[in-house]
Every structure is written in structure tokens, then in C-alpha cells.
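Take a look at the structure set out below.
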Amino acid sequence: MPPRMTFFVADASPVPLDLETLNALLKHVDPAYRIVWNTLAYGKEIHGLIDVRRTEPDPEGWELSVGHGAPEEHRAAVLHLLKKATAVVELQVIPLENSEERLLPLWTALFDRHQGLLWKEDGIYCGGADAVSRLLRFE
């Protein structure tokens, strides 16, 4: 199964987050990005299947898959963000040699506009205006 990355949006943005909004956001970063039929592409390269859904906070379910794996000293902060989650952006990554480089603008753009956290198999990330940086690393 391809790696999965999940961005938990933990703010009450007045602009609804959906695939159309994400597509416009990425095209603003670089016109080569596009989202068509839940497929995230850069130029001719397909980097994954993407979905956005509004959600009711589900800290118990997410705690098991995300928060429980967080180091003890960061668990409270992670669970706090999960409890506030209003939307989830899920990406099934198609691993390519340059996937990390091509996906970075997506996560950076989301962090620039939303409070949240990014979960992937090797850790939980927070973001800043310039780049996505590691917050926690699973051991």
C-alpha cells in the first residue's frame, strides 16, 4: 500500500477547504500543479490520490492512530489539535524519486493558511511560513 499522509485542519476558517480550493492554491504556487478527479499531479507526474473532507472532531479514533504514537511530552499538544480538527486532507502518495520535493508546496501552503498538523508514517509535523519542519518523530 502506498504511504499515506494526512493533514488535520484545526481551525474554523471561513473559506471551506475542498479540492477546488486546494487546486487553486497549488496553481498559485506553480501552474504545473493540478488536481483532477482526486489525482494530484505536477506536470505529467502523478504524485497521489487526494481527498478533502469536513469532519466532526474524533479525538478517540485519531488518538489511536495518530496521538497514541506521539512521544509522551508532546501527546497533549497533538491531542489538542486533533480535538479541534474540522477537516482532513488525505493523500495516498505514489512514491517517485522527487515526491518529497513536489509535495512540500502542498503542505507549506496548508500550514501558511491553517492551523493543523501533518501526520505521516515517520512522524508528526508542524509548519512555518518557509517550510514544513519536523515536530515529532516516531521511534
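No lab work stands behind these numbers, since they all come straight from the coordinates. Please read all numbers here as calculations on a predicted model, not as lab measurements. Here the Cβ positions follow ideal geometry from the backbone for every residue, glycine too, while neighbour counts run over all protein chains shown.
Tabulated values for the structure
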item: In the stretch 22-42, the residues that are β-branched (Val, Ile, Thr) and touching a residue at least 24 places away in the same chain (Cβ under 8 Å); result: VAL29
item: Any chance LEU19 is under 16 Å from the mean Cα position of the chain (by Cα) and either closer than 15 Å to LEU110 by Cα or of a type in the set (Asp, Glu) (or both); result: yes
item: Residue in the stretch 36-48 that is more than 20 Å from GLU101 (Cα to Cα), surrounded by 13 or more Cβ atoms within 10 Å (Cβ to Cβ), β-branched (Val, Ile, Thr) and under 16 Å from the mean Cα position of the chain (by Cα) present; result: no
item: Failed criterion for ARG4 (all others in (1) closer than 19 Å to PRO95 by Cβ; (2) exposed (fewer than 13 other Cβ atoms within 10 Å of the Cβ); (3) not aromatic (Phe, Trp, Tyr) hold); result: (2)
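Each row is one residue, and each column tells you yes or no for (1) without any contact (Cβ under 8 Å) to a residue 40 or more places away in the chain; (2) aliphatic (A, V, I, L, M).
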| position | (1), (2) |
| --- | --- |
| LEU82 | no, yes |
| THR86 | no, no |
| GLU97 | yes, no |
| LEU104 | yes, yes |
| TRP107 | no, no |
| GLY116 | no, no |
